[in-house]
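This report concerns only the one structure given below.
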Amino acid sequence: MGFRIPTPLQSTAKDLGLNSWVNKRDFPRDSYFNAIEALRASALALSVQIDEHKIAALLAAMLDEEDALTTHVLALRSAVDISSSAVWEKCCMAAAYVTVQRYVREVENGKWPG
Amino acid sequence: MRTDKSATNVIKAEDLDDVVAKLFAEAQALGAALRETPSKRVITRHPRKADIKDRLSARLRTSLEDELVPAVQTVDGDISEREIDREVTKKALIGLKLATLRTIARQRGLATSGNLEDVAEQVAKSYSWDQEEIARLILAYAEPDDPARAHVDRLFPLRDSPDMTYVRDRLSYVAGRYVRIGIARWFVFKEMRPISASIEQVSGVVRTYQASVDETETGPQLHASPSRSDVRLLLDSHEPLVRVRQASILPARSAVRALAIAANVSLQGALQLPAVAATGSATRIHPQSLFMLDLLHTRLREAGFKDINLTVARFKMSDALVDDAESRPILRAVRFEGAHLLDSVAACKLLADGRPLTEMALMISTVPKAGEYSRRYPVRVTLEPDHAAVITGYGTDKPESSLEVHRRIVRSLAAEMHAGHADVDRLQALISRVLEQARSSHDAKRATMLTDPADSSGN
């Protein structure tokens, strides 16, 4: 069964055009996919197993730190209040889930590791 | 902290904090490294961007608690006060229904999935665990079931408006006396007080005893558990009703029965609603439903309320008494919970099928006067076999503020009971919309049922 983005974040992902953003050529797909595997390995080393939903929280932190998502969100026509913690957290979580979804799909399709 | 049954591993709380901190720091380092990697991507460091590190870290910790139960070091042998505070806050929120919590979560842009505890935790977090804010939230959304947190009035119909001179004369005989009104059940008349020339208030106590058999060392013995309920009744020479204040259903019935005996007033017995003035398609709708719909759509608006949201609708399906009741399925009632239920196909179908709407819970807002602001209150209206009841929650206000609102709703209910439908044309138009929705295959996208098409001011 495919990986499913939580319903409240699906509309955020759609409103922010995150699917096309994550699938753009300049999206550092390899870096994020490698990060997913590195974080999973680190968790295992700490005797903790983390699923895709926990990975999403970590990727959200990575996206927040990278700041390319900030550029994308601020360039949108609709004003997004990134000064609101709740709004910005939703943006990062939605982008993280879309990234994890792409990762899961490409692993299933045999496109990753390439 | 969660107590998920599927959680299998215990971890020291500080070790869990350590796991979260290490993984989170690694994710941040990976993001920082990516930011510094030369690429075509444009990086924007915005000074006003919210700092969400704590929120994401807490989110990770919470999701890890699905599998790991943190064992926390006691503080002087006791549970951390902060944890107790948080658990108490969650427990208070859990007093609301899951559907209500999910509505709140949705309105605040939070995840609505998970069990009651998951959603309560999300909501509490979004309020930064502020107990005062959360207490207000609970009062605003709590269903007005608890008489201790709500105003309650029960209206029992009489055959005629009472003759107060006669009633006062009769009641003077029983002041300070009691009458037996059932097995091990008495009503004590404490005080009669004229509120005005036309209104008399009777205060009293319903005393009952529950009897049981206790096995003791010396053999079985009868044991009696007493209970008492203070009741206030109001009689008004202008309306054929007895009002019972702040009483639950059984003490209210007992007190009314005692009053009927003492004052020689004739109860109607069964709740008989005024003759239906509706015509055409409205005749398909049960009189109890017409009563409720007119109250909802016209009376409450005339009483100065707006933004009416029907959140619970209970329909009676069958009251047939059958001999083989234990061997075949019987659906006696259907209860819908949600928001703007009158716009749902399911509720409209039951109305169109002629099922009686016997209970509704709603949220209503006051129309503010100049210089005031609108307030929102939870209200429940119930049609019992022998009376109608209104329960108004305190909302976010002091009890005395919501009392004035409650009185207006009671007056609306009383008027509907003895004067009939307030506006037959409006009711007919509403019925047409209900019947149309009943034929629809999907719920309305927006709640418009209680908005008159010709009315731009909304409901």
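Taking every alpha-carbon pair under 8 Å whose residues sit at least 6 apart, chain B reaches a relative contact order of 15 percent. Straight-line reach only, C-alpha to C-alpha below 25 angstrom: list the lysines that residue B:125 could link to, leaving out same-chain residues fewer than 8 apart. Output for residue B:125: A:54, A:90, B:5, B:12, B:22, B:49, B:53, B:90, B:91, B:97.
Taken residue by residue and averaged, Cβ atoms of other chains lying within 10 Å of the Cβ of B:51-61 number 6. Note on the stretch B:6-100: Kirkwood hydrodynamic radius from all Cα pairs is 16.8 Å, rounded to one decimal. Other protein chain C-beta atoms within 10 Å of residue C-beta, averaged over A:49-58: 6. Going by the alpha-carbon gyration tensor, a ≥ b ≥ c the square roots of its eigenvalues, is the stretch B:44-112 rounded (a/c under 1.5) or, if a/c is not under 1.5, prolate (a/b greater than b/c) versus oblate? In terms of gyration-tensor shape, oblate.
Working from the alpha-carbon coordinates of the stretch B:371-412, get Rg over Rh, Rh being the Kirkwood radius. Spell out each step's value before the answer.
Working: Rg = 11.7 Å, Rh = 11.2 Å.
Over the Cα atoms of the stretch B:371-412, Rg/Rh equals 1.04.
Sequentially through the stretch A:29-38, phi angles give Karplus couplings (6.51, -1.76, 1.60; θ = phi - 60°) of 4, 4, 4, 5, 5, 5, 4, 4, 6, 5 Hz, Gly and Pro residues having no value and appearing as x. Kindly express, to the nearest 10 degrees and within the range 0 to 90, the angle between helix B:98-107's C-alpha long axis and the longest C-alpha principal axis of chain B. Rounded to the nearest ten degrees, it is 60. By the Cα gyration tensor, the protein assembly as shown has an equivalent ellipsoid whose semi-axes, rounded to whole angstrom, run 57, 30, 22 from largest to smallest. Against the empirical curve 2.2 N^0.38 Å, the C-alpha radius of gyration of chain A lands at a ratio of 1.05.
Kirkwood hydrodynamic radius, computed over distinct alpha-carbon pairs, for the stretch B:106-245: how many Å, to one decimal?
19.9 Å
Evaluating 6.51 cos²θ - 1.76 cosθ + 1.60 at θ = phi - 60° for every residue in the stretch B:150-164, the Karplus couplings come out as 7, 8, 10, 10, 10, 10, 9, x, 9, 5, 9, 5, x, 8, 5 Hz, glycine and proline recorded as x.
Each principal axis of the Cα cloud of chain B was taken in turn, and the coordinate range along them, longest first, works out to 94, 75, 58 Å.
No lab work stands behind these numbers, since they all come straight from the coordinates. Bear in mind the structure is a predicted one, so any value in this text is a computation, not a measurement. Ideal geometry is used to build each Cβ from the backbone, glycine not excepted, and the neighbour counts take in all protein chains shown.
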